[in-house]
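The values are calculated or read from the model by the stated rules, or taken from the named source; none is laboratory data. All of these numbers come straight from a predicted model, not from anything done at the bench. Cβ coordinates were reconstructed from backbone atoms using ideal geometry, including for glycine residues, and neighbour counts include every protein chain displayed. Each accessible area value is taken on the protein alone, full model and side chains, heavy atoms only, with ligands, DNA and RNA left out. Shrake-Rupley method; radii C 1.70, N 1.55, O 1.52, S 1.80 Å.
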Amino acid sequence: MKTAVVTGASRGIGAAVAKRLATAGYAVAVNYLSSEKQARNIAEEINSSGGVAEAFKADVSDPREVRKMFEDISEKLGGASVLVNNAGISFIGLLQDMSDEEIGRLAGVDFLGTVYCSREAAKIMLPKKEGAIINIASMWGEVGASCEAVYSACKAGVIGFTKALAKELGPSGIRVNCVSPGVIRTDMNSGLDRETIEELCGDTPLLRLGTPEDVAEAVAFLADERSGFITGQVLPVNGGFIA
Ligand code: NAP
């Protein structure tokens, strides 16, 4: 059984990705930071429907915790054939109002977390000469969002990292791609009021927000051999919001 590591899988998009990859036959490492109960529930849901999953705590912005998590996953679930770099936080506000800590935290989780996890996964995938890394970017990383300058830059960085790493790891049989979601119904957007949600739906040609399952389907496609000749690409899942 191949193993998929999904970061930030206790809630939202990550939880949907973990469940979707379990139905595709992967043993799933459900990474979380603070939502232990929810991560354990996701793993339990997968296990009780005949899959294999276990929850692993690690802050993806801490390279030592990431290293230890991949060692634990290798020991308990036997490696990592697929890595989904999904863990992320958002910050909405003006750049000049951001503290050093807020900027550092955003860059640490949303950009460096992807780098640290990819590095550990590559060490496991390289000797086997196979694997797939899927990074969750954002449409704001493609076009930029006002009041989300650092978030947008981190996601643009994730897109650049994806393209470069795809070239570096392609000759070793490892594919690296991005899914770039539009506005998805998760806790990350729970602060938006009804009027803003309606406006966002109106700005979306498909006239609705995305669901975590919409994103999970795209990830599942990029994880398996149906997409075996696709690497270094950005797959938008945004209802046509940007094209
Ligand atoms: P969410 O519902 O807020 O969930 C975030 C997840 O990331 C949680 O499982 C959380 O774990 C985890 N996480 C946060 N910081 C972490 C850290 N330092 N180490 C490990 N895990 C951490 O967010 P979401 O909407 O599902 O977003 C998932 C990804 O999609 C993010 O990268 C986000 O930027 C991207 N995205 C989202 C949207 C959207 O509209 N929702 C659009 C574009 C892109 P704990 O709860 O355990 O702390």
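The translational diffusion coefficient of the chain, from Stokes-Einstein at 20 °C and 1.002 mPa s with a Kirkwood hydrodynamic radius over alpha carbon pairs, comes to 120 µm²/s. Report summary: the helix-based calculation at 222 nm, which adds -39500 (n - 2.57) for every DSSP H run with n ≥ 4 and divides by the residues of the chain, gives -14500 deg cm²/dmol. Take each uninterrupted DSSP H stretch in the chain, measure its Cα extent along the helix axis, and return the ones at 27 Å or beyond whose mean Kyte-Doolittle hydropathy is at least -0.5. Going by DSSP H runs, the hits are 149-169. Between ARG119 and ASN47, the simple spin-label model (points 7 angstrom out along Cα→Cβ) gives 3.2 nm.
Modelled label positions at GLU65 and LEU126, each set 7 Å beyond Cα in the direction of Cβ, lie 2.6 nm from each other. Pairs to check: LYS76/LYS167; LYS19/LYS129; LYS129/LYS167. Give those whose C-alpha atoms are more than 20 Å from each other in this structure. Distance filter (> 20 Å) returns LYS76/LYS167; LYS19/LYS129. For ILE184, nonlocal amide neighbours, meaning residues 5 or more places apart or on other chains whose placed amide H falls under 5 Å from its own, are GLY210. A straight line joining the Cα centroids of the range 189-217 and the range 1-33 runs 23 Å. Compactness of the range 110-229 was expressed as the Cα radius of gyration divided by 2.2 N^0.38 Å, which yields 1.18.
Highest mean first, the peptides 8-17, 122-131 sorted by other C-beta atoms within 10 Å per residue fall in the order 8-17, 122-131. Roughly how far apart, in whole Å, are the Cα centres of the range 109-165 and the range 51-107? Centre-to-centre distance over Cα atoms comes out at 11 Å.
Measuring spread by the Cα atoms of the range 80-136 yields a radius of gyration and Dmax of 14.6, 47 Å.
Work the Kirkwood hydrodynamic radius out for the range 1-137: mean of 1/r over every pair of different alpha-carbon atoms, inverted, in Å.
That comes to 14.9 Å for the range 1-137.
Averaged over its residues, the range 112-161 has an accessible area of 37 Å² per residue, based on protein heavy atoms and a 1.4 Å probe.
Straight-line cross-link partners of LYS68 among the aspartates and glutamates, defined as a Cα under 18 Å from its Cα and at least 8 positions apart when in the same chain: GLU36, GLU54, ASP59, GLU120.
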